[in-house]
Structures are given as structure tokens and as C-alpha cells.
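Colleague: Sharing a structure below in C-alpha cells format, with a few things to ask.
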Amino acid sequence: MLNFTYYTPTKVFFGANEIDNVAKIIKEYGFKKILLHYGKSSIKTTGLYDRIIKLLVQNNISFLELGGVEANPKLSLVLEGVKCVKTNEIDFILAIGGGSVLDSAKAISVGSCVDYTPWNFSIKKEVPQKRIPMGCVLTIAASGSDMSDSCVITNEETKEKRGFNSPLNRPIFAILDPTLTYTVSKYQTACGVVDIMMHTLERYISKGEDDTDLTDNIALSVLKTVLKYGKTVIDNPTNYEARANILWANSISHNGITGMGRPFVMSVHQLEHELSGMFDEVAHGAGLAVLWPAWAKEAYKSSISRFKRLAYEVIGIKPTNDINKDIEDSILKLKTYFKELGMPTTLREFGIKEEACKILAYNTTIKQNRIIHDVIDIDYQEALKIFEISY
């Protein structure tokens, strides 16, 4: 087990109707002027917007608003948010929505404390040193951004999707009210289920010795829970038990605890960032559903012991005398599970042409002058093979 530092400063308010305490929580922190940051129309059509505005007004909390966050949040809106914070002396940002809104808010938070573009953080040119505090009201179980130190933004001009990690990206508080996820569409719910699993899988199946038993068991438990309740939240959106378990799994999957003591790279995420960066219509979770089985086919022989536990303990494959076949069957079974959730399983289902595979492989490796070192090393040829298998 590697040495590690574990830091999770986010205070979580979890449970039904916890949203009703949002103004009280903000007042307790002493913030005077806040920026509400949210997506396009969903929080207004569900009534959540009016609910929050009423609470803020009743508690005399001054606020400005910036809506319009898209899936694959854009740098241009981040820059608009930075200008708003600086011009109006905002002292707190409240993100209301899912991972895209939270990532946009995180970029505004650190971007508001510098005189250069926050894109410099994404391309590793600069490292954040300060921030405007931010918190969140989570409306979808997916990215784990409510407790994570990561932030991923898309530069629409260059069609690059890049992320950076910093302790400053962690919200100071997160309101996790499972009832707010009832209205999420089946497709987006399914995308979330996949994203939660991938955040966990890419920590569990990684380089390192098999001496992290507690960490591994936590990861496997998260995966079992998501597999158990994943279809339930699709078929019965208002099942509180299922929504609550999926929502908490969302947080655990990306707050670091499922990877403690192990190195991890999350190479499938890096492949997917190129995919959804180039094709904005591709939802992150859907892209992962397509790419992970292809990566797993290439990678499993380099991590037999971990894929073996995944196959037998999580996916439920009955052991035979052929471990390779058992693992391949488990990969296929998980791919079928994604399809049953309503996820695509091939790149062609996005309407992407096969020649794009070469561009995606080039962008992932040669363009960035890198080889992704993970369970398997991904150079241009390996990236191309994975994209072609996915096609």
C-alpha cells in the first residue's frame, strides 16, 4: 500500500428535503453576496429554482445569477462567470445542478482569483493558489463532483476537453437530496450510473500491488450497490431507497476513498475526454459505456487478479477452469448491462464516422506528446485499437 494523504473537507447534508436548509447553511457560513450558477431550464421546470429563490429572499441573502451551463461545460461561460464575480464582489458561488454545473463553478471559483485565463489550469500551465468558496446543490447522481478535487472544462474554440485536480476544487458543502434526482431523465440517469461505476473501476483496476484490501473492498461494494440499484432508478425513478443509494455511491466513487493506497490514471476517462471534446453531443457517461469494454478487452490480461474479483464477486460470473473466458464473459455481461440501461455500446451509434478513430487516437497521444501509462500503456497504436474496437 502506497503512502497517501486523504483530505475531504466537504460537509455533506444528505437526505429528503435537505434543500430546504440551503439559505440557513449559507447564512451560517456568513456569506453576503452569492452567485447562483446553474444549467439551462431543468431547475426551473422542476420548480427547484423557485424553491431556492424563495428561501434566499426570505433570508435576505443577496444574489446574482448565471445560467446556461451545457453538458461538457464551456470555457466561454466560465470566463463570463469570472467577470461577474470580479465585477460584483461575489464572496460565494452556489452551483445548482450536476457535474457540468459544478465543474463550471469550480473553474469560476479559482479563475476569479487570477488575472489570466483559468484555461491555464486545465492545460497545466498554472496551479490554483486561491479561490472564491463554492458549494453545491446536486440534482443528479453521476460525476461525484460534489466531493471531488477535479474540474473538467471544454475549450470550444480548440475542441479540447481538459481537467485539473486541486484541493481548492472541493466544495465547502454539498446538499444531497435524493428527491431532487426523481425528475432526471432515464438517459441521463443511465449516464450517471455508468460514470459512477467508471470512477470506481478506474481506481480499482489500476497499477499497484494487491495489498489494498480495505480500499478494494470499498470499491467493490460501491460497484455492487450501483449494479443492484442501477436498473431500479431507471424503471422506478421515485424509489427513494434506490435513488439515495445511487446518490451516495456517486459521492463515494469520486471523493478519493476507493483509490487510497493505489496509483491510478483513469485512462478510459482520458480517452473519453477526447471523444466528447471533439463531439459535443456525446454525453460523458455514454462515451464511457462505449469505451470501457473495449479498453477492458485489451487490458485484462495485465490485471488478471483484479478482473477476476470483478467477474466473480461483482458481476456474478460462475467460475470455470478457463479464467480468461470468465473475465471476457464478465466484460460482455457488463457491456450488456449498459445496453439494458439504455446506453450506446458502439461509436457508430453516435453517428460518428469510422475515420474519426484516427483523429481521436492522434489527439489522445501524439498531439499531447504523451503515452498514457496505466495497466496497459496507451500510445497512438493502442489508442487507435481501442477506438476501433469501440466502433
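The values are calculated or read from the model by the stated rules, or taken from the named source; none is laboratory data. This one's a predicted model, so the numbers in the text were calculated from it and none came from an experiment. We place every Cβ from the backbone using ideal geometry, glycine too, and count neighbours over all the protein chains shown. For the accessible areas, the whole protein counts, side chains as well, though only heavy atoms, and no ligand, DNA or RNA atoms are used. Shrake-Rupley method; radii C 1.70, N 1.55, O 1.52, S 1.80 Å.
Colleague: Tell me which aspartates and glutamates have Cα within less than 17 Å of K125's Cα, excluding those fewer than 8 residues away on the same chain?
Modeller: Filter leaves D115, E160.
Colleague: While we're on this one: I'd like the GluC sites (Glu not before Pro) in the range 282-391 restricted to DSSP loop residues with at most 15 other Cβ atoms within 10 Å, sorted by number. Before the final figure, lay out the partial values.
Modeller: On the way: sites: E298, E313, E328, E340, E349, E354, E355, E382, E388; in loops: E354, E355.
Of the GluC sites (Glu not before Pro), the ones in loops of the range 282-391 whose Cβ has at most 15 other Cβ atoms within 10 Å are E354, E355.
Colleague: Expressed as a whole number of Å, what is the distance separating the alpha-carbon centroids of the range 275-321 and the range 43-111?
Modeller: So the separation of the two Cα centres works out to 35 Å.
Colleague: Let me ask you something else. If you project the alpha carbons of the range 222-330 onto the principal axes, what extent comes out on each, in Å, largest first?
Modeller: Over the range 222-330, Cα extents along the principal axes are 43, 36, 30 Å.
Colleague: Which part of the range 169-206 falls in the paramagnetic zone of N17, meaning amide N under 15 Å from the point 7 Å along Cα-to-beta-carbon?
Modeller: Counting only backbone N, you get 177-180.
Colleague: Averaging over every viewing direction, what projected area does the convex hull of the Cα atoms of the chain cover, in nm²? Could you put the intermediate results ahead of the total?
Modeller: Numbers: hull surface 72.5 nm².
That works out to 18.1 nm², a quarter of the Cα hull's surface.
Colleague: Another one. Can you list which of the chymotrypsin sites (Phe, Trp or Tyr not before Pro) found in the range 72-171 are DSSP loop residues with at most 15 other C-beta atoms within 10 Å?
Modeller: Sites meeting the loop and neighbour criteria: Y116.
Colleague: On to the next question. Quick one: Karplus J couplings for the range 234-250, per residue in order, coefficients 6.51, -1.76, 1.60, θ = phi - 60°, nearest Hz, x for Gly and Pro?
Modeller: Rounded to whole hertz, the list is 6, 7, 9, x, 9, 6, 4, 4, 5, 4, 5, 5, 5, 5, 5, 4, 3.
Colleague: Filter K207/K297; K33/K86; K186/K231; K33/K106; K74/K186 down to the pairs with a C-alpha to C-alpha distance above 21 Å, please.
Modeller: Beyond 21 Å between Cα atoms: K74/K186.
Colleague: Further question: Counting other Cβ atoms within 10 Å, keep those with at most 16, restrict to DSSP loop, and tell me which trypsin sites (Lys or Arg not before Pro) in the range 188-286 are left.
Modeller: Working: sites: R203, K207, K224, K228, K231, R243; in loops: K207.
Loop-located and lightly packed - K207.
Colleague: Over the range 9-135, what is the relative contact order in whole percent, taking alpha-carbon pairs under 8 Å and six or more residues apart?
Modeller: With pairs under 8 Å counted, the relative contact order is 26 percent.
Colleague: What base-10 log of the normalised intensity I(q)/I(0) is obtained for the range 7-95 from the Debye formula, alpha carbons as equal point scatterers, at q = 0.16, 0.26 Å⁻¹?
Modeller: At q = 0.16, 0.26 Å⁻¹ the computed log10 ratios are -0.74, -1.39.
Colleague: Using a 1.4 angstrom probe with every protein chain in place, what is the largest-first accessible-area order of T158, T212, T183?
Modeller: Details: T158 65, T212 0, T183 95 Å².
Heavy-atom accessible area, descending, gives T183, T158, T212.
Colleague: Just grab the label-to-label distance for T5 and Q368, each label 7 Å out from Cα along the Cβ direction, in nm (one decimal).
Modeller: Label-label distance for T5 and Q368, simple model: 2.4 nm.
Colleague: Please give, to one decimal in nm, the separation of the simple spin-label points placed at Y380 and S62, each 7 Å out from Cα toward the Cβ.
Modeller: Using points 7 Å along Cα→Cβ, the separation is 5.6 nm.
Colleague: Kindly identify the range 302-358 as rounded, prolate or oblate by the Cα gyration tensor criterion: order the square roots of the eigenvalues as a ≥ b ≥ c, call it rounded if a/c is under 1.5, otherwise compare a/b with b/c, prolate if a/b is larger, else oblate.
Modeller: Prolate.
Colleague: Roughly how many Å² of M134 are accessible to a 1.4 Å probe, to the nearest 10?
Modeller: Roll a 1.4 Å probe over it and M134 shows about 0 Å².
Colleague: From zero outward in steps of 10 Å, how is the percent of C-alpha pairs of the range 271-391 spread across the bins?
Modeller: 14, 42, 32, 12, 1
Colleague: Would you compute, for the Cα atoms of the range 23-145, the largest minus smallest coordinate along each principal axis and list the three values in descending order, in whole Å?
Modeller: Extents along the principal axes, in whole Å: 42, 29, 22.
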